[in-house]
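Colleague: Got a structure for you, questions after.
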Ligand code: PMP
Ligand code: GLU
């Protein structure tokens, strides 16, 4: 291993990807695995979007695109931000990338110097801490517990800020907790950021449409800090396009052109075909997105009612996204067939091997007392999955 760089040796493997891979390997052996580890919609990409991609191939959209994406797509994104979020961005402020994941990495790389601090509320999405590590930044975690519905307060934010703080990074609706910050809650955080004009804010809004409580609130809608906000969004969740690898950021022009420069050296921009498909997605409106949301809501209610029945776990009702993040620490120290559960990772492996359901340890999201279940599967499959989990947990004593 020593010939590899320290950079890669120090990097943790993505636990979402690892658990999905283990699940796939067991499925390939003929075991009936239910995969609740990976956060990806089980729906198909809408037909109009697929047609647009086929047309793009036939019309020879086969050349390199501008690094930040086709101007028409970037204009359509700016129009979407106006139409759906009442936010003003010009197309030069949009950078299209190989998934929202790359947009996040671009922003972190372009903003964080070695030793600078990035504040991340926990639980957080699995890749944030590793991206910060790659940029040689220091992550400062703020704990948001199940009792606070996994949200942080302005007071907690204020206490975490130091002269070295460069960036704050969060998602709402949140992966893995499903928590959604309201406009008022964001206003409280904004009041803190107003006092600290050198802090930038990455606002990951990829689950914006999977919100069961109220209209999506973006922290970029506060004019006093808008110029310091980097909005991250994409097509993976709202248009069921995970494999197409297309996402974007909206930021001030200086940040956008820095990301263009970085991306110009690393990927040259994302696929021309995916871009033409994404353009159609934004031109086609929200009908399919809203249908998916309704379906997710039904599944959320079903799974919530079933999870509540399991003694020893603590679960909140998520307001958005498509995950549950139950606290499972009451099972730590229990055993079955000489196998003792020491932590959340052991519990996930136990569930994989005994219930044939794959989940992800909360450790990967900064909370070692929990596990994450994705409910992006049909209701029938979800009912079966929770029943298997319940049976497996009952055996632990
Ligand atoms: N942010 C969050 C919170 C996510 O859950 C995901 C899901 N993969 C991403 C970013 C990255 O999405 P994409 O598929 O567009 O890279
Ligand atoms: N966002 C999904 C998840 O959290 C996809 C996996 C990934 O991109 O790491 O599971």
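Colleague: Quick one: which residue in 246, 255 is over 21 Å from the mean Cα position of the chain (by Cα) and either assigned by TED's automatic domain parsing to the domain that holds residue 203 or surrounded by 16 or more Cβ atoms within 10 Å (Cβ to Cβ) (or both)?
Modeller: 255
Colleague: Looking only at region 14-51, filter to residues that are within 15 Å of residue 364 (Cβ to Cβ) and assigned to a loop (DSSP other than H, G, I, E, B); which one of those is farthest from ligand 2 (Cβ to nearest atom)?
Modeller: By that ranking, first place goes to 36.
Colleague: Mind checking whether some residue in region 167-180 is more than 16 Å from ligand 1 (Cβ to nearest atom) and assigned by TED's automatic domain parsing to the domain that holds residue 100?
Modeller: Residues of region 167-180 that are more than 16 Å from ligand 1 (Cβ to nearest atom), as a first pass: none.
Within region 167-180, none of the residues are more than 16 Å from ligand 1 (Cβ to nearest atom) and assigned by TED's automatic domain parsing to the domain that holds residue 100.
Colleague: What number of residues in region 189-207 are within 16 Å of ligand 1 (Cβ to nearest atom) and out of contact with any helix residue (DSSP H, G or I) (no Cβ under 8 Å at 6 or more places or on another chain)?
Modeller: The total comes to 2.
Colleague: Follow-up. Of (1) under 18 Å from residue 98 (Cα atoms); (2) touching a strand residue (DSSP E or B) at 6+ places or on another chain (Cβ under 9 Å); (3) assigned to a helix (DSSP H, G or I), residue 67 satisfies all except one. Which?
Modeller: (3)
Colleague: For region 135-207, which fully contained strands (runs of 3 or more DSSP E) count at least 1 residues that are within 16 Å of ligand 2 (Cβ to nearest atom) and within 25 Å of residue 296 (Cα to Cα)?
Modeller: Counting at least 1 such residues, we get 165-171, 200-204.
Colleague: Let me confirm something: among 233, 211, 252, which residue is away from ligand 1 (no atom under 16 Å from the Cβ) and in contact (Cβ under 8 Å) with a residue 12 or more places away in the chain?
Modeller: Only one candidate qualifies: 252.
Colleague: If the requirement is being over 26 Å from residue 131 (Cβ atoms), without any contact (Cβ under 8 Å) to a residue 40 or more places away in the chain and out of contact with any strand residue (DSSP E or B) (no Cβ under 7 Å at 6 or more places or on another chain), which of these qualifies: 343, 316, 330?
Modeller: 330
Colleague: Considering region 108-127 alone, what residues qualify as being more than 16 Å from ligand 2 (Cβ to nearest atom) and either assigned to a helix (DSSP H, G or I) or at pLDDT below 95 (or both)?
Modeller: 109, 110, 111
Colleague: Against the definition (within 16 Å of ligand 2 (Cβ to nearest atom) and surrounded by fewer than 22 Cβ atoms within 10 Å (Cβ to Cβ)), how does residue 101 come out, yes or no?
Modeller: In short, yes.
Colleague: A further question on this structure: Does residue 389 satisfy the criteria of being assigned to a helix (DSSP H, G or I) and crowded, with 24+ Cβ neighbours inside 10 Å? Steps first, please.
Modeller: On the way: assigned to a helix (DSSP H, G or I): yes; crowded, with 24+ Cβ neighbours inside 10 Å: yes.
Considered against the rule, which asks whether it is assigned to a helix (DSSP H, G or I) and crowded, with 24+ Cβ neighbours inside 10 Å, residue 389 comes out as yes.
The values are calculated or read from the model by the stated rules, or taken from the named source; none is laboratory data. This one's a predicted model, so the numbers in the text were calculated from it and none came from an experiment. Glycine also receives a Cβ, built like all others from the backbone with ideal geometry; neighbour counts cover every protein chain displayed.
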